[in-house]
Amino acid sequence: MKPDVSLDFQFTNSVEQVWNALTDSAMLAKWIWNNDFKAEVGHKFQFRAEPSEWWDGIVDCEVLTIDEPNSISYTWASAGETTTVVWTVAKTDDGKVNLRLDQSGFSEETKAREGAIEGAKYAWTEMGSNLAKVLA
């Protein structure tokens, strides 16, 4: 099944540095949100952002898979949507590191789906920019 959101980010950092940014709670807090993440399959955790009038600011997650330092996946449940986020880390031929995000499982209700997907693309693009600053 084709992911609903696919984004690629390139970094000049090492695979280990990028992997650490994906799997260390303190690092995740610097570019996503505060959290109680642990890199353990089955661990349930939350990302906590500033609430707004439209959203409580909480994302409930559960670690599904870990293939260190190549990929990690977890559920992402918020605002009535439950999706799966997969991060894949790969060294490129030019020596850089490609970080790929795939998010799938958005609801089939067309209007809500389109808004949720566009919102996710926007948010992940912003978070990718934050990650670049954290890794700089």
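Send over a whole-number figure in Å² for the accessible area per residue of the range 1-63, probe 1.4 Å.
Solvent-accessible surface per residue comes out at 58 Å².
If the viscosity is 1.306 mPa s and the temperature 10 °C, what Stokes-Einstein diffusion coefficient in µm²/s follows for the chain when Rh is the Kirkwood radius over Cα pairs?
104
As a test of the formula, what do you get for the chain when each DSSP H run with n ≥ 4 contributes -39,500 (n - 2.57) and the sum is divided by the residue count, at 222 nm and rounded to the nearest 500 deg cm²/dmol?
Calculated from helices alone, the mean residue ellipticity at 222 nm is -10000 deg cm²/dmol.
Tally up the carbon and sulfur contribution to the accessible surface of the chain as a whole percent, 1.4 Å probe, everything protein left in place.
Within the chain, the accessible surface is 49 percent carbon and sulfur.
GNM on the chain, C-alpha springs below 10 Å: top fluctuator among Asp102, Asp24, Asp56?
Asp56
The values are calculated or read from the model by the stated rules, or taken from the named source; none is laboratory data. Values in this document were obtained by computation on a predicted structure and should not be read as measured data. These area figures cover heavy atoms from the full protein model, side chains too; ligands, DNA and RNA do not enter into them. Shrake-Rupley method; radii C 1.70, N 1.55, O 1.52, S 1.80 Å.
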